[in-house]
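Encoded as structure tokens, the structure appears first; notes follow it.
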Amino acid sequence: MNSAMTRTICHVLIVLMAWMPVHFAQAGIISTDQVVASAAQAERAAVLGLVSRSDIAGQLQALGLDPQTAKDRVAALSDDEVRSLAGKLDALPAGADGSALVVLILIGVLVWYFFFRK
């Protein structure tokens, strides 16, 4: 019975493998100019995305700069300026300093100590 079951499972797997579509990867050569252009477009899109955020637009308006003017200025930047600005934006800290996580861990340890000790 074990042999018949194994044979049946093998037949089902063979049929399923033959039934699956096969996709082959395509590779091609790209030039350095294409890579640089796509990287510059991605960096410019990242900076424009930052300027388009509602909280950033509010800060720009509070400083007296219209968000559309800021977008126009980003569009007028050279690729080197956009690369520099995007690099500075990537280097900024993203989020809190982690003290809330430490407090949460301490609370968890205290709860475990007081309620689950023997």
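In summary, helices (runs of 4 or more DSSP H) completely within the range 1-81 and bearing 1 or more residues that are under 18 Å from L92 (Cβ atoms) occur at 32-52, 54-62, 67-76. Evaluate the following for V15: is it in contact (Cβ under 8 Å) with a residue 24 or more places away in the chain and either out of contact with any Cys (no Cβ under 8 Å at 6 or more places or on another chain) or surrounded by 10 or more Cβ atoms within 10 Å (Cβ to Cβ) (or both)? When the stated conditions are applied, V15 does not pass them. Which residue pairs have Cβ atoms under 9 Å apart, sit 6 or more places apart or on different chains, and have a first residue in the range 36-54 that is among the hydroxyl-bearing types (S, T, Y) and a second that is assigned to a helix (DSSP H, G or I)? Correct list of pairs: S52/P67; S52/K71.
For every residue, the table says whether it meets (1) within 22 Å of the chain's Cα centre (by Cα); (2) on the phi < 0 side of the Ramachandran plot; (3) surrounded by 11 or more Cβ atoms within 10 Å (Cβ to Cβ).
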site: A45; (1), (2), (3): yes, yes, yes
site: D55; (1), (2), (3): yes, yes, no
site: Q59; (1), (2), (3): no, yes, yes
site: D79; (1), (2), (3): no, yes, yes
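Need the failing condition index for L89 against (1) surrounded by 10 or more Cβ atoms within 10 Å (Cβ to Cβ); (2) modelled with pLDDT of 80 or more; (3) assigned to a helix (DSSP H, G or I), just the number. So the condition that L89 fails would be (2).
The values are calculated or read from the model by the stated rules, or taken from the named source; none is laboratory data. This one's a predicted model, so the numbers in the text were calculated from it and none came from an experiment. Using ideal geometry, Cβ is built from the backbone for each residue, glycine included, and neighbour counts are taken over all protein chains shown.
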